[in-house]
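Readers should treat all values here as calculations from the given coordinates under stated rules, not as data from a laboratory. Nothing here was measured: the structure is a model prediction, and the numbers come from that model. For neighbour counting, all protein chains shown are included, and Cβ atoms are generated from backbone atoms with ideal geometry for every residue, glycine included.
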Amino acid sequence: MNYVDEIKKLKKEMNAVILAHNYQRGEVQRIADFLGDSLELARKATSIDADYIVFAGVDFMAETAAILNPDKVVLIPSKTASCEMARYLTPEIILEAKRKYPDAKVVLYVNSTAACKALADITCTSANAVKVVNSLDADTILFGPDANLAHYVSERTNKKIIPLPPNGHCYVHTNLTPEVVRRDGVLMVHPECPPELQKEADVIASTGGMVKFVAKSDARRFVVATERDMVERLRSLFPDKEFVPAWENAICLGMKQITVRKIYESLRDKKYVVKVDEKIAERARMAIERMLEVS
Ligand code: 13P
Ligand code: SF4
């Protein structure tokens, strides 16, 4: 069976669109209607004219799309496409920190569960974290779940940033240490990488920020310190430039759960529908919408 043709047919019949994150496999990127970083995808999710959104990404991204689109059906093609980092934070950790720092504001990276977002003052992504934090009228910020992104923000603001929990991280990016990362090109580093690598970067940026940086750069060869398939995205956008993954083993297993075949099955069987508890969704939506207003 030609899955790509079948997907095209089903998309038309169902009035469906496919949103995909920049870390998806090359073949998934090629069938997406829209590709982007977390912020670009959240924004896109607010302006889609479709009955079905198929989300080729991980759980928190599909949840965000569902929260922003209560009147549409959001499908995720795999039940195991999850973000490990989101698991570091629980509502209990946030509530305890709020008791300890009653005047602090809670800023949550979108890589968090809907139940956690419902307790946040505002969400952020790596593209807008500094802007979001600086927009708040509080001197102390409880920031979770990524301690490396918290460090990145703390170096760019005068506010006191308390990471929640102290050791939250992404296994893909934490392994991108100065010891394993190659240096034979302009070094682009995602802010989820450890501070030691951030220090060596030519630019620190979200995946969407990397696209914008390359578009403006005269350089020819780039080392990409983030999930390996980001190079697929960059190569397709800039065929005249060279991109190499900073480390071949930087692979997000959650993202790789999505395949072309699973997208076809997702459309065919209308599975798996992303559902978020109504009350949680209502509160989480406020935190996400505040972020979209700020950025
Ligand atoms: P971006 O928002 O930069 O695409 O990052 C998402 C993510 O999960 C990074 O690991
Ligand atoms: Fe989550 Fe890390 Fe995968 Fe990004 S790369 S989705 S932070 S596990």
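By count of other Cβ within 10 Å, fewest leading, how are SER206, SER47, SER236 ordered?
Working: SER206 24, SER47 7, SER236 12.
The fewest-first ordering by Cβ neighbours comes to SER47, SER236, SER206.
Rounded to the nearest Hz, the phi-derived 3J(HN,Hα) couplings of the stretch 268-278 under the Karplus curve 6.51 cos²θ - 1.76 cosθ + 1.60 (θ = phi - 60°) are 4, 9, 6, 9, 9, 6, 7, 10, 10, 3, 3, where x marks glycine and proline. The modelled label-to-label distance between ASP71 and TYR3, using points 7 Å beyond Cα along the C-beta direction, is 3.3 nm.
Computed from backbone phi, the HN-Hα couplings of the stretch 236-243 come to 6, 7, 10, x, 8, 10, 10, 10 Hz, rounded to whole numbers (Karplus: 6.51 cos²θ - 1.76 cosθ + 1.60, θ = phi - 60°; Gly and Pro given as x). Given the pairs LYS117/LYS159; LYS44/LYS117; LYS44/LYS275; LYS79/LYS241; LYS9/LYS131, which span a C-alpha to C-alpha distance of over 30 angstrom in this model? Listed pairs above 30 Å: LYS79/LYS241; LYS9/LYS131.
Taking 7 Å steps out from each Cα toward its Cβ at MET286 and LYS216 produces label points 3.6 nm apart.
A straight chain from TYR171 to LEU253 at 0.36 nm per residue would run longer than the Cα-Cα distance by 28.5 nm. Residue exposure proxy: ASP184, ASP137, ordered by other Cβ atoms within 10 angstrom of their Cβ from fewest to most, comes out as ASP137, ASP184. Projecting the Cα atoms of MET291, LEU267, GLY254 onto the charge dipole of the stretch 159-295, computed from C-beta unit charges around the Cα centre, puts LEU267 farthest toward the positive end.
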